[in-house]
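Each remark here refers to the structure printed beneath this line.
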Amino acid sequence: MPILASLRCVNLFSSFPSKPPPKDATTSPPSTSPPIPIPRYTPPKPKFNPKTAPPNPKKPQTNPNPALKLPHRQTHYYKRVKPGVVSSDGDRAVLVGESGVSYHLPGAPFEFQYSYSEIPQAKPVAIREPAFLPFAPPTMPRPWTGKQPLKKSKKKIPLFDSFDPPPPGKKGVKYVEMPGPYPFGKYPKEAHSREEILGEPLKKWEISMLVKPMLSDNRQVNLGRDGLTHNMLDLVHTHWKRRRVCKVKCKGVPTIDMDNVCRRLEEKTGGKIIHRVGGVVYIFRGRNYNYRTRPQYPLMLWKPAAPVYPKLIQEAPEGLTKDEADDLRKKGKSLLPICKLAKNGVYTNLVKDVKNAFEGSSLAKIDCKGLHASDYKKLGAKLKELVPCVLLSFDDEQILMWRGKNWKSMYPEGPAIPQNFDTAGGLDGSDNCKSNPETVRSSPKMMSLWKRAIESNKALLLDEINLGPDDLLKKVEEFENISQATEHSYPALVLSSEDGASSSTTEYEESENYSDGDIYPEDDIDDGDDDEYYDSDTLVPIGSLPVDQIAERLRRK
């Protein structure tokens, strides 16, 4: 402030001038830049058309991989095929036959397929992709799209030998079951054929010992809609590496024919099915199985496309005209389904249910709501072969079937029961019996049971039909006394001379004509090792009572 006070003629509070100063024409106004810079886009390039564009001399022409030109799943590839070799590369070939598409490799024990159990009986009409082998090199028709192969380990890892497993307490080693079981005094031996690997048949207690720990174990092989696939064979051997028994759980379409699944499992794996409950199967590897000498198959790197088969539903099925088939389809719309199938269920009783439904109606319908379209179509194809029947439609996710003109009942009509039934000679005049609406008919099995009951005095054949209540009660009381006497007695022993040197015994024929194999399965019959624990002298001889033997023992004492 002292500096400002020393200045002369300085007005500190002067106002702004009323008029702005004149502009100078020589000076240009300053240019102000916008707050956000304007983006500059490159002009769009013209679309490149390889057909019309001239070749680039700088870029060398390279032949692309022919596998990149192959059709894929999104393209509509369709090629008709005939049975025989479709394509071949030396000893490797792709075949089409009654079992569908199969692959032949040199040195293979059988022709490889994607699925061994789900094979339609109809021959394929065409293929949906070019015929190539879904296995690893030496020659692969399309580029490798998987992961990089692992580098070779520097450690020398010994091959796993089932006859020389690692000790159970070794650190870092999973549990491995010993080979066997072996009978007393026998040891493992090298085997090559299936019979040698399986060894002696398992006994009942051995089967129970092997199956019991596997019942609650979740270490299993899951078998789905594709059935027994090729890569499952190696998976089963992987389970057999540490366990004697492999558990296979089946669900879905393959369970409709479990006999076929079990047969294919035994045929392709070489094992033995020792137990089966519903859709669960237990496969025994064999007493002399060695993982080191197992059959090794190449793995499929991708799932081949299924071939084209003939249509299941026809406008005029076999034995019907188009109008008759349409009438049956209209009737089927109001028909109630015999059952409803669950997704991924077990359909072991489905064939039997359809056969029983055809006993009361010419049409049968199954509700398949919630199932995949391919699943209930596969079920229809299997029912057509197993029942057999004629497929009419798959409308509204339901399978409609007709039993056909050549249908035969499961329960054939038995011979008529005549009034003059002779227990000694059988049926009198049964051959000359004519059909009579008033005649009661029964199955042959029921007739044999009635005949057996009458011969053993467990049933009574009345000569008179029109009996009053009192007479009928009298007959029943008399028969009751006779049946009690015969039930608690034994066949009599008749002596022809006083000294009993020559005797004739009444012949005792077995009333039942069943063989031992029909009553007891082979697995339930022991080899007779336990017979020594039973005393044959304790059996009651023919013609005496148990009381007589007790008295004889007391007399000896």
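The values are calculated or read from the model by the stated rules, or taken from the named source; none is laboratory data. Just so it is clear, the model here is predicted, and its values are computed rather than measured. Using ideal geometry, Cβ is built from the backbone for each residue, glycine included, and neighbour counts are taken over all protein chains shown. When the accessible area is computed, the model is the full protein with side chains, heavy atoms only, and any ligands, DNA or RNA have been set aside. Shrake-Rupley method; radii C 1.70, N 1.55, O 1.52, S 1.80 Å.
Using the beta-carbon distance between LYS45 and LYS79 and R0 = 30 Å, what value does 1/(1 + (r/R0)^6) give for FRET efficiency, to the nearest 0.05?
FRET efficiency, LYS45 to LYS79: 0.15.
Could you calculate the contour length gain from GLU478 to ASN218, that is, 0.36 nm times the residue separation minus the distance between their Cα atoms, to one decimal place in nm?
87.4 nm
Rounded if a/c is under 1.5, else prolate if a/b beats b/c, else oblate: with a ≥ b ≥ c from the C-alpha gyration tensor eigenvalues square-rooted, which is region 265-424?
oblate
With viscosity set to 1.002 mPa s at 20 °C, what whole-number translational diffusion coefficient in µm²/s follows for region 322-402 from Stokes-Einstein and a Kirkwood radius over Cα pairs?
In µm²/s, the coefficient rounds to 169.
Could you tell me which of rounded, prolate or oblate describes region 193-302, using a ≥ b ≥ c as the square roots of the eigenvalues of the alpha-carbon gyration tensor, with rounded for a/c under 1.5 and, failing that, prolate when a/b is larger than b/c and oblate otherwise?
Because a/c hits 1.5 or more and a/b fails to exceed b/c, region 193-302 counts as oblate.
For region 284-338 and region 359-400, what is the separation of their Cα centres, given in Å?
Each part's Cα centre sits 11 Å from the other's.
Using the heavy atoms of the protein chains and a 1.4 angstrom probe, tell me the accessible area per residue for region 194-284 in square angstrom.
44 Å²
Among DSSP bridges having both ends in region 194-284, what percentage is antiparallel? Round to the nearest 5.
That works out to approximately 75 percent antiparallel.
What FRET efficiency do you get for ASP548 and GLU196 if R0 is 56 Å and r is their Cβ-Cβ distance, rounded to the nearest 0.05?
Step by step, r from the Cβ atoms, then E = 0.55.
What does the charge count near PRO83 come to, summing +1 for each Lys or Arg and -1 for each Asp or Glu among other residues with Cβ under 10 Å from its Cβ?
Net charge in that neighbourhood comes out at +1.
Please state the shape class of region 241-303: rounded when a/c is under 1.5, otherwise prolate if a/b exceeds b/c and oblate if not, all from the C-alpha gyration tensor.
In terms of gyration-tensor shape, oblate.
Could you give the size of the charge dipole of region 322-402 about its Cα centre, using +1 on the Cβ of each K and R and -1 on the Cβ of each D and E, expressed in debye and rounded to the nearest 20?
That gives region 322-402 a dipole magnitude of about 200 debye.
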